[in-house]
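Heads up, the thing below is written out as structure tokens.
The values are calculated or read from the model by the stated rules, or taken from the named source; none is laboratory data. Owing to the predicted nature of the structure, the values given are computational and were not obtained by experimental measurement. Every residue, glycine among them, receives a Cβ derived from its backbone with ideal geometry; neighbour counts consider all protein chains shown. Just the protein is used for accessible areas: all its heavy atoms, side chains included, with ligands, DNA and RNA removed. Shrake-Rupley method; radii C 1.70, N 1.55, O 1.52, S 1.80 Å.
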Amino acid sequence: MDSGDTTWMLVATAIVIFMHVPGLALFYGGLVSDRNVVSTMMHSFVSLLIVTLVWVLWGYTLSFGPDKGGLIGGLDYLGFNGVGGEAAFESYTIPHYTFAIFQCAFAAITVAIISGGIAGRISFPAWMLFTFLWMTFIYSPMAHWVWGGGWLAQLGELDFAGGTVVHILSGVSALTAAIVIGPRYEYLKKKHTPHNVVLFLIGAATLWFGWFGFNAGSALGANSVTALAFANTQVAAAAGGLCWLLIEWKVRKRPTLVGTATGAIAGLVGITPAAGFVTVPSAIIIGLLSAPVSYYGINFIKEKFKYDDTLDAFGVHGLAGIWGSIATGIFATTSVNQAGKDGLLYGNPEMVLHQAAGVGTAIVLGVVGTYIILRIVKLFVPLRVTEEEELMGLDISLHEERAYCSTDQLTEVTKDSKVS
């Protein structure tokens, strides 16, 4: 084992967990109304708790256990049996513990992304049961197919850090859940705007920071590919953010902070599957084009079909993830990473077909699997809150907590302070 590789991977793992909580929690929490901040953050936080335990008990072995017919991992690592301080799989230069928990962080944030599509209306018991089932029956098989030696890996699909496994899978699952559960009662009756843009920006910046661990950490060591993925992450985010700014400026006559930051996140999503396989100029193109793909999805496709993807999980993660995965098949080159493959622009058009197979698989698994799981969940608990609970706000109706003090509460606090 290598101490430098191990140190970097421990840091990268912590960074990915930090991008989940508080990063994603703040990002989503700032976008919802002030009545649903606590409940939205709870979705992110609770997914980290549930997924961690499921991952240790059986999720990890289903994902990365010895391949069984290209479909699922064996049970050799059940309950982290056989996972220890030795080199992971006897080929990596980091401890098995470190690799397993790094992958756990990926699994947890993938589930949390889905909550963006159904924020403000899913019941809390339904979310907990959904997290448990989706992690087991959707994420684990897909992770094995792509990263654990399964049939997509054998086919030759490339996914450096989660284009299909994380972003497409979570994005289409969020859209499916949004359609199955139905729109918010006031969705088409009034305009929904972020209640706290500052909170949102802190979350977006934390996500950007965490993405360096997400992408560069996926090199599983500290080497030249790590540096490449790090550089590609930065330039793709910048290209995506700037492109969205210019689109808004042209279309709406003024750029917005929410739009610009969303563009940067779209650029980060787009570069994720390609981060360690493409050149820096290619990363700029991928990030740049991620912005119009997501912008069109959010402002035209969503408007046309009237589905209530509350925080645009599908528009950003699903659509930019699809583009990034296909773009990997176009721009990948072995000149920067011998472990990758050459794509369309380097004389291998077949690579695009391999990437398309991964994209199609993620879409089908996400849609069909999520639909079935939601139907199962509905047999045990209500999928959504009542109209009264939704209009009251889930923070109070489900958790009896407020994100902010009301005017009356603030007055009471001030009085108590003066008395003391």
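Length available on full extension from V364 to R402: 0.36 nm per residue minus the Cα-Cα distance, which gives 9.8 nm.
Heavy-atom accessible area for K378, with the other protein chains in place and a 1.4 Å probe, reaches approximately 120 Å².
Distance between the 7 Å Cα→Cβ label points at F305 and E90: 4.8 nm. Here segment 147-220 has 65 percent of its accessible surface on carbon and sulfur atoms, given a 1.4 Å probe and all protein chains in place.
May I ask you to rank W151, W145 by accessible area, largest first, using a 1.4 Å probe over the protein chains only?
Working: W151 95, W145 40 Å².
Heavy-atom accessible area, descending, gives W151, W145.
Comparing mean-square fluctuations of K250, K306, K341 from a GNM of the chain with C-alpha springs under 10 Å, the top value falls on K250.
When the alpha carbon gyration tensor of the chain is reduced to an equivalent ellipsoid, its three semi-axes come out at 34, 25, 21 angstrom, largest first. Between T193, G79, T262, the Cα set farthest toward the positive side of the dipole of the chain (charges on each charged residue's Cβ, about the Cα centre) is that of T193.
Per-residue ellipticity at 222 nm, computed for the chain from helices alone with -39500 (n - 2.57) per DSSP H run of at least four residues, works out to -19500 deg cm²/dmol. Backbone phi angles across segment 257-263, fed through the Karplus curve with coefficients 6.51, -1.76 and 1.60 (θ = phi - 60°), yield HN-Hα couplings of 5, 4, x, 4, 5, 5, x Hz in residue order; Gly and Pro are listed as x. The residues E90, E389, sorted by heavy-atom accessible surface at 1.4 Å with ligands and nucleic acids left out, run E90, E389 from largest to smallest.
Counting only protein heavy atoms and using a 1.4 Å probe, what share of the accessible area of segment 227-319 belongs to carbon plus sulfur, as a whole percent? Mind showing how you got there, number by number?
On the way: 2550 of 3500 Å².
On segment 227-319, the fraction of accessible area on carbon and sulfur atoms equals 73 percent.
Inter-label distance, A231 to L353: 3.3 nm, where each label sits 7 Å from its Cα along the C-beta direction. About the centre of its Cα atoms, segment 67-197 shows a dipole size close to 940 debye [charges on the beta carbon of Lys, Arg (+1) and Asp, Glu (-1) only; nearest 20 debye]. Here the Gaussian network model covers the chain, with springs between Cα atoms less than 10 Å apart; of S39, S91, S282, S91 fluctuates the most. On segment 1-146, 72 percent of the accessible area sits on carbon and sulfur atoms, based on a 1.4 Å probe. Applying the Karplus relation 6.51 cos²θ - 1.76 cosθ + 1.60 with θ = phi - 60° to segment 184-201 yields 3J(HN,Hα) values of 4, 4, 9, 4, 9, 8, 8, 7, 9, 10, x, 7, 8, 5, 5, 4, 4, 5 Hz, where x marks Gly and Pro.
Could you sort V16, V235 by their accessible area in this structure, using a 1.4 Å probe and putting the largest first?
Numbers: V16 0, V235 40 Å².
My answer, sorted largest first, is V235, V16.
Phi-derived couplings, Karplus 6.51 cos²θ - 1.76 cosθ + 1.60 at θ = phi - 60°, listed residue by residue for segment 173-181: 5, 5, 5, 4, 5, 4, 6, 5, 6 Hz, with x used for Gly and Pro.
Taking the chain as a Gaussian network of alpha-carbon nodes connected by springs under 10 Å, the highest mean-square fluctuation of the residues A174, A274, A219 belongs to A219. Were the residues from K378 through N81 laid out at 0.36 nm apart, the gain over their Cα-Cα distance would be 103.5 nm.
Leaving out ligands and nucleic acids, and using a 1.4 Å probe, what accessible area per residue does segment 129-213 come to in Å²?
Per residue, segment 129-213 has 34 Å² of solvent-accessible surface.
Averaging Cα coordinates gives a centre for segment 101-169 and one for segment 255-315; these two points are 19 Å apart. Extension gain, W249 to F45, is 69.9 nm, computed as 0.36 nm per intervening residue step minus the present C-alpha separation. Comparing Cα centroids, segment 15-35 and segment 332-411 end up 14 angstrom apart.
Taking the Cβ-Cβ separation of L391 and A14 as r and a Förster radius of 60 Å, what is the calculated FRET efficiency to the nearest 0.05?
Details: r = 40 Å, r/R0 = 0.66.
So the FRET efficiency works out to roughly 0.90.
With all protein chains kept in place, the per residue accessible area of segment 18-105 amounts to 37 square angstrom at a probe of 1.4 angstrom.
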